[in-house]
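Below is one structure; the comments refer to it alone.
The values are calculated or read from the model by the stated rules, or taken from the named source; none is laboratory data. Keep in mind the model is a prediction, meaning the values are calculated, not measured. Using ideal geometry, Cβ is built from the backbone for each residue, glycine included, and neighbour counts are taken over all protein chains shown.
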Ligand SMILES: [Zn+2]
């Protein structure tokens with residue numbers, strides 16, 4: 001019997017052990033992978049993972065209050081946002097804002113913008129290539145070009161400017177949704193190959209002026225990558241996390257009896 005992410009979100013919202021048990025088993029490994037990427041120096045710090053999980057568990061975090069139909073990739077994107085916010089980041093020595101980035105990167109196409117934006121998310125060209133379905137060399141070239149374009153617009157510059165400003169730029173982009181911005185589904189449709197050519201054209205145009213959507217799109221591609229090949233925790237591996245979150249052991253036989261659709 002398939003227990004969907006939609007059901008999990010609903011059950012966690014209602015604070016039912018079924019929901020939390022599923023969350024722990026399927027999403028702790030994904031959060032771990034994200035921690036390894038965003039805080040490699042703290043990847044061995046069990047306290048950090050525990051802190052993130054406890055934060056997610058708090059109702060006021062609102063992660064299970066969804067206005068969109070919660071499918072798995074949407075949900076993981078929410079978790080990722082919360083996790084990155086919890087990690088915090090030192091302020092960049094040289095700061096850059098989205099307005100400057102917009103002015104500098106005006107000549108870039110949608111995919112080129114994504115290649116540049118992934119640098120703010122800390123992904124190497126070798127990691128980004130498969131996500132954008134281009135070669136690592138192409139990503140590298142686009143980034144060099146983007147770096148030169150930015151250099152021409154700012155007073156002080158260094159090659160790591162985008163990466164160092166990543167957390168701040170990510171926050172600014174996430175907060176900057178406009179009336180024409182696209183829903184998560186629009187990006188997932190592209191990922192799933194369900195987008196008509198005309199819609200794709202419209203998306204290209206919109207993303208040329210909207211970092212909120214560039215960021216959103218990149219984060220959905222990231223989520224696909226985080227979920228790929230992720231293995232759920234075993235029963236034994238789940239036990240300490242259930243204890244941490246105060247989740248009762250599931251009564252397996254009764255799982256679906258009252259569930260319904
Ligand atoms: Zn937008």
- Among 111, 102, the single one that is farther than 30 Å from residue 23 by Cβ and either in contact (Cβ under 8 Å) with a residue 60 or more places away in the chain or over 23 Å from the mean Cα position of the chain (by Cα) (or both) is 102
- Query: Looking only at region 172-198, which residues are more than 18 Å from residue 70 (Cα to Cα), within 16 Å of the ligand (Cβ to nearest atom) and not in a loop (DSSP other than H, G, I, E, B)?
  - Reply: 172, 173, 174, 175
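A quick yes/no check of all residues on (1) under 15 Å from residue 104 (Cα atoms); (2) at pLDDT 95 or above; (3) outside the structural domain of residue 85 (by TED's automatic domain parsing):
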residue: 137; (1), (2), (3): no, yes, yes
residue: 140; (1), (2), (3): no, yes, yes
residue: 145; (1), (2), (3): yes, yes, yes
residue: 150; (1), (2), (3): yes, yes, yes
residue: 158; (1), (2), (3): yes, no, yes
residue: 163; (1), (2), (3): no, no, yes
residue: 183; (1), (2), (3): no, no, yes
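Would you check if there is a residue in region 146-156 being touching a helix residue (DSSP H, G or I) at 6+ places or on another chain (Cβ under 8 Å), crowded, with 20+ Cβ neighbours inside 10 Å and within 30 Å of residue 20 (Cα to Cα)?
Checked against the condition, which is being touching a helix residue (DSSP H, G or I) at 6+ places or on another chain (Cβ under 8 Å), crowded, with 20+ Cβ neighbours inside 10 Å and within 30 Å of residue 20 (Cα to Cα), region 146-156 yields no hits at all.
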- Could you please find all residues in region 176-220 being closer than 22 Å to residue 75 by Cα, without any contact (Cβ under 8 Å) to a residue 24 or more places away in the chain and surrounded by fewer than 15 Cβ atoms within 10 Å (Cβ to Cβ)? 192, 193, 194
- Is it true that residue 163 is more than 15 Å from the ligand (Cβ to nearest atom), in contact (Cβ under 8 Å) with a residue 60 or more places away in the chain and assigned to a helix (DSSP H, G or I)? no
- Looking at residue 228, is it loosely packed, with under 15 Cβ neighbours inside 10 Å and either more than 26 Å from residue 34 (Cβ to Cβ) or within 16 Å of the ligand (Cβ to nearest atom) (or both)? no
- Contact list, first residue from region 69-85 and in the same structural domain as residue 53 (by TED's automatic domain parsing), second anywhere and assigned to a loop (DSSP other than H, G, I, E, B), beta-carbon distance below 7 Å, six or more apart or interchain, is 74/68; 78/63; 79/63; 82/63
- Item | Qualifying positions in region 64-73 - under 20 Å from residue 222 (Cα atoms) and surrounded by 20 or more Cβ atoms within 10 Å (Cβ to Cβ) | 70, 73
- Going through region 131-160 one residue at a time, which ones are under 23 Å from the mean Cα position of the chain (by Cα) and in contact (Cβ under 8 Å) with a residue 40 or more places away in the chain? 131, 132, 146
